[in-house]
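Just so it is clear, none of the values below were taken in a lab; they were calculated from the coordinates. It should be emphasised that the depicted structure is a prediction, and the values quoted were computed from it without experimental measurement. Using ideal geometry, Cβ is built from the backbone for each residue, glycine included, and neighbour counts are taken over all protein chains shown.
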Amino acid sequence: MNTVKTIGISTGGGDCPGLNAVIRAVVKSAILRHGWRVIGIEDSFDGLIWPNKRRELTLRDVGGILSRGGTILGTTNRGNPLLYRVVENDEEKVKDFSGDIIRNARELGLDALVVVGGDGTMKIALELYRKGLMLVGVPKTIDNDLNATEVSAGFDTVLHTAVDAIDKVHTSAESHHRIMVIEVMGREAGWIALEAGLAAGADAILIPEIRFDLGKVRNCVRQREQEGKKFTIVVVAEGIPLPGAPDQDAGEKNPIIPRSGGAASWVGDVLARLTGRETRVAVLGHMQRGGPPSPFDRILCTRFGVAATRLVAEGKFGRMVCLNGGTIGDVDIAEAVRVTRCVNPEGELVRIARETGVCFGD
Ligand code: F6P
């Protein structure tokens with residue numbers, strides 16, 4: 001028999017369009033379908049540590065938020081509650097708040113927590129679940145790098161934003177006969193660069209999963225010039241290895257994740273030197289995380305939110321909702337965080353890109 005009366009919901013990690021759509025779906029289905037109360041836990045797991053960071057969410061609270069970017073609950077991609085930095089007596093200490101979180105959840109009467117997050121948040125959720133917190137996960141990340149789901153909330157919208165930006169840069173590149181280098185986010189995964197690059201007709205796409213040589217990109221620029229095309233669009237993933245970064249293929253540890261803009265400015269400088277052509281750089285940065293979610297993301301987030309409350313009703317804790325083959329399902333959170341979902345260099349998308357002349361610099 002289902003004994004759930006109250007659930008919590010939190011959003012963790014970097015924000016993305018669609019988080020509010022998930023919150024709305026969870027609150028609506030919890031109240032309307034299941035008759036539960038919902039407590040909003042603010043700033044990721046912080047709301048289960050600090051009493052002033054939680055509040056009841058009613059149907060009124062989620063009115064009008066479906067189309068809004070960001071998250072009404074706030075978020076953080078710092079402050080892992082298992083390794084939380086606090087200052088005590090002028091001294092910085094690292095504390096594990098998992099005991100407080102589980103105790104506070106019990107005192108609040110939470111029968112379950114819906115955790116909306118990417119790989120970092122899901123790893124924390126998994127540890128808390130193993131320590132006794134009943135929770136289910138909803139995948140969100142513009143990077144689309146969570147394993148076991150073909151798409152996470154927010155990815156479709158970032159593609160719209162990136163493609164729109166690349167289309168705009170395209171006409172400028174063409175008018176000025178320039179090389180334009182556009183950097184997109186994605187950490188160690190090249191999904192945004194690959195899919196936005198494909199959709200926007202990029203001439204070269206550089207991603208962390210494919211070793212590249214900028215000499216090959218110079219050849220691509222030259223080849224295009226011989227064909228009468230005096231401009232080139234190069235889309236670069238922020239996580240490509242930069243000179244001096246440890247060589248992961250050679251087993252070197254701790255790869256350096258470049259700061260925003262580092263990848264594009266390096267590629268831009270080298271290409272300008274190698275080609276002698278005017279080159280400009282555009283870094284899309286955090287604009288990729290904002291704006292209203294696309295219709296696809298609004299529907300996906302609504303499906304994910306409703307599926308999450310169903311998991312709670314069925315008592316399927318430690319599971320994350322997912323989308324595979326267009327169908328909503330669920331997987332162990334452990335499976336979702338087992339590996340980073342990266343681009344397969346032999347996969348269909350890379351193959352069709354190559355077959356339509358896209359240069360990967362290899
Ligand atoms: O994981 C999402 C993401 O936007 C990455 O693509 C990017 O590298 C990172 O977060 C940026 O994080 P921050 O908001 O801390 O600068």
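Tell me which residues come under 5 Å, amide H to amide H, from residue 153 once H is placed; ignore anything under 5 positions away on its chain.
When sequence neighbours closer than 5 places are left aside, the close amide H contacts are 140, 141.
Compare 240, 352, 166 in a GNM of the chain, Cα atoms joined below 10 Å, and give the one with the largest fluctuation.
With Cα springs under 10 Å in the chain, the top fluctuation among 240, 352, 166 is at 352.
Could you sort 30-37, 232-239 so that the peptide with the highest average Cβ count within 10 Å comes first and the rest follow in order?
Ranked from most to least packed, the peptides come out as 232-239, 30-37.
When the helices in the chain are scored as -39500 (n - 2.57) per DSSP H run of 4 or longer and the sum is shared across all residues, what 222 nm value do you end up with, to the nearest 500 deg cm²/dmol?
Helices in the chain give a 222 nm mean residue ellipticity of -10500 deg cm²/dmol.
Report the calculated FRET efficiency for residue 211 and residue 92 (r = Cβ-Cβ distance, R0 = 45 Å), to the nearest 0.05.
With R0 = 45 Å, the Cβ-Cβ based efficiency is 0.70.
For a quick check, take a GNM of the chain with Cα springs below 10 Å and name the residue from 90, 43, 297 with the largest mean-square fluctuation.
Evaluated over the chain, the most mobile residue of the options is 90.
If you average over every viewing direction, what projected area does the convex hull of the Cα atoms of the chain give, in nm²?
Mean shadow area of the hull around the Cα atoms is 19.9 nm².
At a temperature of 4 °C and a viscosity of 1.567 mPa s, determine how fast region 163-210 diffuses translationally according to Stokes-Einstein, using the Kirkwood radius over alpha-carbon pairs as Rh; express D in µm²/s, rounded to the nearest whole number.
The calculation lands on 116 µm²/s.
I'd like the orientation of helix 19-28 relative to the chain: the angle between its Cα long axis and the longest Cα principal axis, in ° from 0 to 90, rounded to 10.
30
How many lysine pairs are close in the chain, with Cα atoms under 24 Å apart and the two 8 or more places apart or on different chains?
Going through the chain pair by pair, I get 27.
Just to check I understand the Karplus step: with θ = phi - 60° and J = 6.51 cos²θ - 1.76 cosθ + 1.60, what whole-Hz values come out for region 287-301, glycine and proline as x?
Computed from phi, the couplings for region 287-301 are 4, 5, 9, x, x, x, x, 5, x, 4, 5, 4, 6, 4, 5 Hz.
How would region 142-301 be classified by its alpha-carbon gyration tensor: rounded, prolate or oblate, with rounded meaning a/c under 1.5 and the a/b versus b/c comparison settling the rest?
oblate
Suppose the chain between residue 107 and residue 339 were pulled fully straight at 0.36 nm per residue; how much longer would it get relative to their current alpha carbon spacing?
Between residue 107 and residue 339, full extension yields an extra 80.1 nm.
Can you pull out the cysteines in the chain that have no other Cys Cβ under 4.7 Å?
Here 16, 301, 322, 342 come out as lacking a disulfide-compatible partner, given the Cβ-Cβ threshold of under 4.7 Å.
Where in region 71-88 does the amide nitrogen come within less than 13 Å of the point 7 Å from the Cα of residue 286, taken along Cα to Cβ?
Output list for this probe position: 71, 75-78.
Report the percentage of all Cα-Cα pairs in region 253-337 whose separation exceeds 20 Å, rounded to a whole percent.
Value for region 253-337 (Cα pairs over 20 Å): 62 percent.
Working from Cα positions, state the angle (0 to 90°, nearest 10) between the long axis of helix 155-176 and the longest principal axis of the chain.
In the chain, helix 155-176 runs at an angle near 20 degrees to the longest axis.
Binning at 10 angstrom from zero up to the longest distance, how are the C-alpha pair distances of region 96-199 distributed in percent?
14, 33, 22, 17, 10, 5, 1
What order do you get for 175-184, 116-125 when each peptide is scored by the mean count of other beta carbon atoms within 10 Å, highest first?
116-125, 175-184
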